[in-house]
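The values are calculated or read from the model by the stated rules, or taken from the named source; none is laboratory data. The shown structure was predicted, so the numbers you read here are calculated from the model rather than taken from an experiment. Every residue, glycine as well, gets a Cβ built from its backbone with ideal geometry; the counts of neighbours run over all protein chains shown.
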Amino acid sequence: MARLWFSAALLLLTACAQVGKRERLYPPLGRFVEVDGSLVHVLERGEGTPIVFLHGAYGGLDDFDATVFDALAPEGRLVALDRPGHGWSERGDGPSTPVAQAHWLARTLAALEIERPLIVGFSWGGALALAFALEYPERARGLVLLSPVTHALHRRPDPVYYVPAVPLFGPLMSHTLLPLAAHFLAPLGVARVFAPEPVPASFERSPLPLAVTPRRFAANTADLRHLDAALAAQSRRYYALSLPITVLFGEEDPIAPPLGQAYALKRDAPQTRLLPLPRAGHQILFSRTDDVVDSIRAALAATTGTGR
């Protein structure tokens, strides 16, 4: 028994050391605002028409700073957010579904005095952008969705996603074995989200190592556990969407297969503009950054009546 407790203590100390190291490697890039008693990490650049960026699972606002912010800063007021429990944002009461996080987003935008932004959502962030447009139809000028998850995938999340929710055992595992295992398995997942393209060197700036630290790992697993059921309900409302929507996606995306996601959204919301990328996978934010920038510029021009 003593050996068991020693092993558990050693794992906990190792995990804590890793958390500190990763937090030093990926420190906060922006400022904090308080929303409903919890801190939200916000990165802002530029002035003018607001463009709000929402990251996907196992990501953070660093993803946008590493890819599109330099190119788009002259275009408007760029605002990237760490979603609840991700990056450096606190989880608060734990909103796990896109609709719940849409209400969080509305309160955050109000705190930042942002009105009618163009919303850019990557992957899970695309589901959130759609939920926001459904819940607050007059409060967004348009959506740019990058490899979005829009409809139920009809596949059960990995069983490991349910472990953090188990009383007592879940928190212990979340602070010891699970983040360590996720860290070592991460390269396999990264290769999959970029396939069939190689992983670019710029992806080193993505906060994936931070995303598998205990509290952030728990937030990711909760978001993914609840996603399929939430999208099954949410997608039945897409017929009500009337704002401009642009969807940029890889034709070979294995995470959000286009037939069941991007093309299904076009079916349900016919005004959606589809921009397929041949031979591209899921992580187009890093692999096809120029196309992402062009799509955002075009959507901004279309929704503001300007052009460059």
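Values for this structure:
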read-out	value
Where Gly76 falls short, out of the listed (1) among the small types (Gly, Ala, Ser); (2) within 26 Å of Leu231 (Cβ to Cβ); (3) buried (at least 19 other Cβ atoms within 10 Å of the Cβ)	(2)
Every residue from the stretch 98-119 that is of a type in the set (A, V, I, L, M, F, W, C) and in contact with a helix residue (DSSP H, G or I) (Cβ under 6 Å, 6 or more places away or on another chain)	Val99, Ala102, Leu105, Leu118, Ile119
Qualifying positions in the stretch 39-53 - surrounded by fewer than 18 Cβ atoms within 10 Å (Cβ to Cβ) and under 23 Å from Asp93 (Cβ atoms)	Leu39
Listing of strands (runs of 3 or more DSSP E) fully contained in the stretch 30-117 that carry 1 or more residues being at positive phi, over 16 Å from the mean Cα position of the chain (by Cα) and touching a residue at least 12 places away in the same chain (Cβ under 8 Å)	none
Residue count for the stretch 142-195, restricted to those that are modelled with pLDDT of 95 or more, more than 30 Å from Gly305 (Cβ to Cβ), not in a helix (DSSP H, G or I) and not aliphatic (A, V, I, L, M)	1
The one condition in (1) part of a loop (DSSP other than H, G, I, E, B); (2) over 21 Å from Gly76 (Cα atoms); (3) touching a Lys or Arg at 6+ places or on another chain (Cβ under 9 Å) that Gln271 fails to fulfil	(3)
Some residue of the stretch 81-97 being under 19 Å from Ala298 (Cβ atoms), buried (at least 24 other Cβ atoms within 10 Å of the Cβ) and modelled with pLDDT of 95 or more	no
Flag if Pro276 is in contact with a strand residue (DSSP E or B) (Cβ under 8 Å, 6 or more places away or on another chain) and either surrounded by fewer than 17 Cβ atoms within 10 Å (Cβ to Cβ) or over 28 Å from Tyr26 (Cα atoms) (or both)	yes
